[in-house]
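Reading through the structure tokens given below for one structure.
Bear in mind that the values in this text are calculations on the coordinates, not laboratory data. On a predicted model such as this, the values are computed, not experimentally measured, just so you know. Cβ placement follows ideal geometry from the backbone for every residue including glycine, while neighbour counts extend to all protein chains displayed.
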Amino acid sequence: MAMTISLSDCGKRFNRDWIFRHFNHQFETGRSYAITGPNGSGKSTLLQVLGASMMINEGRIDFSHNGKSISSDEVYLQMSICAPYLELIEEMTLVELLDFHKGFKPFLPGISTETIIEAISLQKAVKKQIRHYSSGMRQRVKLAQCIFSDVPLILLDEPCTNLDKTGIDLYHSLIHTYCSDRLVVVSSNDEVEYDFCQEKVNLNDYK
């Protein structure tokens with residue numbers, strides 16, 4: 001599943017304030033990219049532009065899947081995102097949540113709900129509703145929903161939020177095991193979250 005996103009002279013503004021301008025870059029399957037910059041620099045905004053959930057104000061963005069151009073309306077079928085501002089369904093148990101999720105985004109081949117629960121070490125919490133989970137446990141679930149979805153584009157916004165060292169090690173293990181042949185973009189100003197990325201894009205260069 002090859003995915004390419006090409007941005008040409010792109011700009012995004014809110015009201016009269018430009019978040020970034022004259023942004024040129026190509027993002028390709030098999031590589032990982034870090035979007036860096038201080039708080040408020042527009043990292044999350046660019047990530048949402050790459051996921052086609054936010055429109056640009058100038059320039060051009062092209063999406064292609066397996067060599068064929070796709071419209072921005074179709075990108076959601078090819079991507080999965082993990083972000084602090086996305087909520088989980090708190091009334092569900094972990095099994096219910098994962099089974100519900102795979103109805104929209106099937107899991108990677110050979111991956112089952114049980115496999116995921118074991119991979120993120122939440123076997124003892126499967127019968128609890130998500131609302132009883134700690135913030136770190138919730139973040140593990142968000143990462144699992146994202147990384148185990150069978151899609152070519154993985155978008156990660158501050159992916160280690162609320163994770164302790166064990167959780168951060170888990171994050172890197174999941175990336176190494178399941179994401180090497182996909183297009184991964186990490187939005188972060190914390191190097192521990194993107195130190196595996198092959199390319200780094202500093203948004204301060206596009207102001």
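So for the stretch 63-207, taking the charge dipole from beta-carbon charges (+1 Lys/Arg, -1 Asp/Glu), which of 80, 100, 198 sits furthest toward the positive end? Going by the charge dipole, the pick is 100.
With the simple spin-label model, which puts each label point 7 Å out from Cα in the Cβ direction, the residue 6 to residue 26 separation comes to 0.6 nm. When only the Cβ of Lys, Arg, Asp and Glu is charged (+1, +1, -1, -1), the dipole of the stretch 18-173 relative to its Cα centre reaches about 240 debye.
Each Cα pair under 8 Å and six or more residues apart adds its sequence gap; the mean of these over the residue count of the chain is a relative contact order of 33 percent. Per residue of the chain, the DSSP helices (runs of n ≥ 4 H) give a summed -39500 (n - 2.57) that works out to -7500 deg cm²/dmol at 222 nm. Here the peptides 134-142, 90-98, 15-23 are ranked by packing, the mean other Cβ count within 10 Å, and the order with the highest first is 134-142, 90-98, 15-23. By the rule of a second cysteine Cβ within less than 4.7 angstrom, the chain holds isolated cysteines at 10, 160, 179, 197. Using the alpha-carbon centroid of each, what span in Å lies between the stretch 150-207 and the stretch 1-47? So the two Cα centres are separated by 15 Å. Using Cα-only point scatterers and the Debye equation, what is log10 of I(q)/I(0) for the stretch 3-206 at each q in 0.12 Å⁻¹, rounded to two decimals? Scattering profile of the stretch 3-206, log10 relative to I(0): -0.60. If the segment from residue 64 to residue 191 were pulled out straight at 0.36 nm per residue, it would be longer than the present Cα-Cα gap by 42.8 nm.
Between 166, 57, 180, the Cα set farthest toward the positive side of the dipole of the chain (charges on each charged residue's Cβ, about the Cα centre) is that of 57. Relative to the longest principal axis of the C-alpha atoms of the chain, give the angle of the C-alpha long axis of helix 165-178, reported between 0 and 90° and rounded to the nearest 10°. Between the helix axis and the principal axis of the chain, the angle is about 70 degrees.
What the Cβ-Cβ distance of residue 14 and residue 204 gives, at R0 = 22 Å and to the nearest 0.05, is a FRET efficiency of 0.80. Length gained on full extension, residue 53 to residue 132: 25.4 nm, using 0.36 nm per residue less the C-alpha separation. Look at 43, 105 and count the other Cβ atoms within 10 Å of each Cβ; fewest to most, that gives 105, 43.
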